[in-house]
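What follows is a single structure, written as structure tokens, with notes after it.
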Amino acid sequence: MLNHTTSTLSMVAADSRNDIFGEKFAALMLHLDIFGLDTLLYGSVVLYIGVAAAAFTMLYRVVQRIRAKKNEFSKTTYRLHLNVAVALVAYWAIQYLQLLLPVILLVITALFNLKWMNTMPYMEILLFLPISLFSISTCIMYMVVIQPFRKTALRLMNRIYETIPPLQSISRIAAAQKTTMRPTESTNKFPKSSATK
């Protein structure tokens, strides 16, 4: 199955550093090849899909329970619970897309021997890039979804904006243009005649 020499998994298996690692750290080696590579690859796909389905089901149940107890919560507490549930759903989606999806793509490439994906330049980097951006995406998501974080982030951005002199002058010019471009109110002080009413 993995006889193609440019395959990612075959390149990892043929790496000469594996022998050095095997000699020095033999106690840490996991011999998973006793199950067969196909079994491991299919098992990993089933595991990832199963974990995603279980997580989605649990989050759905949490939202249903919050909605069922809506009358027991105050408006602020209910909104806080919903914000936490939305944050959990967004965290699940980011985790699935950025951590599990690249691994599933790698497994599917190995299972079906997709040569066009194996021979793509920098395929490993393209698969690793979303994984490396996971923590940044999570922080941005929390700042957008959770209201106190969002307000604090906006306050900090406003403070940074006010400390940069060129931006201050631009905002002053824009404010001055707004005041000069306002339509002047009518100065007609005479009452309307009964004919025009």
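I'd like to know if the stretch 5-16 contains one or more residues that are at pLDDT 65 or above and either assigned to a helix (DSSP H, G or I) or over 28 Å from F128 (Cβ atoms) (or both). The answer is no; no qualifying residue exists.
Per this entry, V89 is not counted among residues that are buried (at least 16 other Cβ atoms within 10 Å of the Cβ) and touching a residue at least 60 places away in the same chain (Cβ under 8 Å). Looking at the stretch 69-129, the helices (runs of 4 or more DSSP H) lying wholly inside it that each contain 2 or more residues that are modelled with pLDDT of 75 or more and polar (S, T, N, Q) sit at 75-95. How about the stretch 64-82: which of its residues are surrounded by 15 or more Cβ atoms within 10 Å (Cβ to Cβ) and within 27 Å of S137 (Cβ to Cβ)? Residues satisfying the conditions are I66, L80, H81, L82.
Residues in the stretch 147-175 that are touching a helix residue (DSSP H, G or I) at 6+ places or on another chain (Cβ under 6 Å) and at pLDDT below 70: 1 in all. Within the stretch 176-189, none of the residues are at pLDDT below 70, among the polar types (S, T, N, Q), surrounded by 13 or more Cβ atoms within 10 Å (Cβ to Cβ) and assigned to a helix (DSSP H, G or I).
The values are calculated or read from the model by the stated rules, or taken from the named source; none is laboratory data. Computed from a predicted model, the values in this text were never measured in an experiment. A quick note on method: Cβ atoms are made from the backbone with ideal geometry, for glycine too, and the neighbour counts reach across all protein chains shown.
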